[in-house]
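Input: a single structure, listed below in structure tokens.
The values are calculated or read from the model by the stated rules, or taken from the named source; none is laboratory data. Bear in mind the structure is a predicted one, so any value in this text is a computation, not a measurement. A quick note on method: Cβ atoms are made from the backbone with ideal geometry, for glycine too, and the neighbour counts reach across all protein chains shown. Keep in mind that these areas ignore ligands, DNA and RNA; they rest on the heavy atoms of the full protein, side chains included. Shrake-Rupley method; radii C 1.70, N 1.55, O 1.52, S 1.80 Å.
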Amino acid sequence: MKACVYDRFGGPEVLQVREVPKPPSPEPGFLLVKVFAASLNPADFKTRDGEQRLLLGFDWPRVIGFDFSGEIVEIGSPEKSSFKVGDSVFAMIRTLPQANKGTCEEYLLVDEDICVHKPKNISHEEAASVPLVAITAIKAFRKCGLSEVPPETGSVGPRVLIIGGAGGVGTIAIQIAKSMFHASHVTTTASKGPKTDLVKSLGADVVVNYREEDFSKVLASNDESQLFDAVFDCMGEAAKCTHLIRKNGTVVSILACATVECLREWISDSRVNPATATTGVLPFLKSSAGGLVNYFGGAYNLRKKCAAKNGRFEHVIGCGNGEIMKCIADLLEKGKIKAVIDKVYSLDDSIDAIKYLETGRAGGKVVVTVIPSSTKK
């Protein structure tokens, strides 16, 4: 089968689209899926660069991609499964991509419990564009303590600030803030022109042109009503956001200042095999000494600043999650959120797709059609 793979860490030059062995039959609890579409995320080129190389070992060649949509061709435990062969499913893989378990390949082995049925009203490309970014956004807003229950009559929903609204996470976060967490107001940052138009079309109420204005100054206020219950930082600028939260508010980031609590949660949720971890890493993170991550990584100082308003700072990392995927599938099926796709590439051109993503110019997601589907819906 064909896949986009790499045999060593490095830049785009290490990537190849080539023939690799098809994955073996799935073990109990796993599915073998024919992949129709995958989507790319910054985590793909960061992983390729070797961001986790000091923490974990991997099976090579590693395959690019966290998100997919496709069709089940074999079930590891058919007698216990809620799926059947031929079902269309989509998801984000549970852990980091590696041999047989990345998504830019024609066949993929994936944990059954993180998959859900693809809604019939969307294409495989649309479905593949959503999982990682939507899982991340939902985890972030839950960390902020936002309620999924509509506010009572006479009450208003939360005010939300999203830093980086035109990116893959930001475009879906705007929609999820409004549709799932009942935000009464969403402010975001984006460049002037098409990207501002894009985020407004998705539900942003106020857009700050970050190229011409410093959002941390423009949005600062002595009026508590103009501040935010939740600030979701998608750009690594959490240090500029702590004064923008209301009393009891939360700043949550996907890039700035990873916390030891977040790393512990990711290790647990992604079911990292201890045998693949670098010697000493897991015991350190699980010990009281793991708190040094917060101190030297910057989270300690951010939490101190947020605490001045009785607020919090958190960090989130997305990973495959069946419960959240059910929420996402429901939102997509009901039309409450929609895929935002910038460009679609073929598998043969997937290296160009990654290079384009690395430019930072994409508005929404970059998608790869892995196996063209005769039925797009």
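Side notes on the structure shown:
- Loop-located GluC sites (Glu not before Pro) across the range 52-114 with a Cβ neighbour count of 11 or fewer within 10 Å are Glu79, with loop assigned by DSSP.
- Accessible surface computed residue by residue for the chain, with neighbouring protein chains in place and a 1.4 Å probe, gives 43 Å² per residue.
- Counting Lys and Arg as +1 and Asp and Glu as -1 over every other residue whose Cβ lies under 14 Å from the Cβ of Pro150, the net charge comes to 0.
- Remark: the Met1-Ser179 segment gains 60.1 nm on full extension, using 0.36 nm per residue and subtracting the alpha carbon distance.
- Virtual spin-label span in nm between Asp348 and Arg18, 7 Å along Cα→Cβ: 1.9 nm
- Label-to-label distance, Thr276 versus Ser82, with points set 7 angstrom from Cα along the beta-carbon direction: 2.5 nm.
- Apportionment of accessible area to carbon and sulfur, the range 3-82, percent (1.4 Å): 52 percent
- A dipole drawn for the chain from +1 and -1 charges on Cβ atoms has a positive end, and of Ala134, Pro78, Ser346 the residue lying farthest that way is Ala134.
- The orientation-averaged projection of the convex hull spanning the C-alpha atoms of the range 74-205 amounts to 10.7 square nanometres.
- Loop-resident sites, the range 112-155, for trypsin sites (Lys or Arg not before Pro), counting at most 13 other Cβ within 10 Å (DSSP): Lys120
- Most fluctuating residue given options Asp214, Asp233, Asp348, as computed from a GNM of the chain linking Cα atoms under 10 Å: Asp214
- Answer label, with semi-axes √(5λ) of the Cα gyration tensor in Å calculated from the coordinates and candidates (i) 33, 24, 20; (ii) 89, 17, 15; (iii) 39, 28, 23: (i)
- Gaussian network model of the chain, Cα within-10 Å springs - most flexible of Ala339, Ala220, Ala91: Ala220
- Residue-span extension gain [Thr359 to Phe284] - 0.36 nm each, minus C-alpha spacing: 23.4 nm
- Accessible carbon and sulfur surface of the range 156-247 relative to its total accessible area, %, 1.4 Å: 49 percent
- Here the chain is assigned +1 on the Cβ of each Lys and Arg and -1 on the Cβ of each Asp and Glu. Its dipole about the Cα centre then comes out at about 720 debye.
- Gyration tensor verdict on the range 196-271 (Cα atoms; rounded if a/c is under 1.5, prolate if a/b is larger than b/c, oblate otherwise): prolate
- Where no second cysteine Cβ lies under 4.7 Å, the cysteines concerned in the chain: Cys115, Cys144, Cys234, Cys241, Cys257, Cys262, Cys306, Cys319, Cys327
- Amide hydrogen proximity for Phe30: with H placed 1.01 Å from N in the peptide plane, the residues at 5 or more positions away or on another chain lying under 5 Å are Gly76, Ser77, Glu112.
- Taking the DSSP bridge list for the chain and keeping only pairs wholly inside it, about 55 percent are antiparallel.
- Top of Gly154, Gly335, Gly363 by mean-square fluctuation, Gaussian network on the chain, Cα under 10 Å: Gly154
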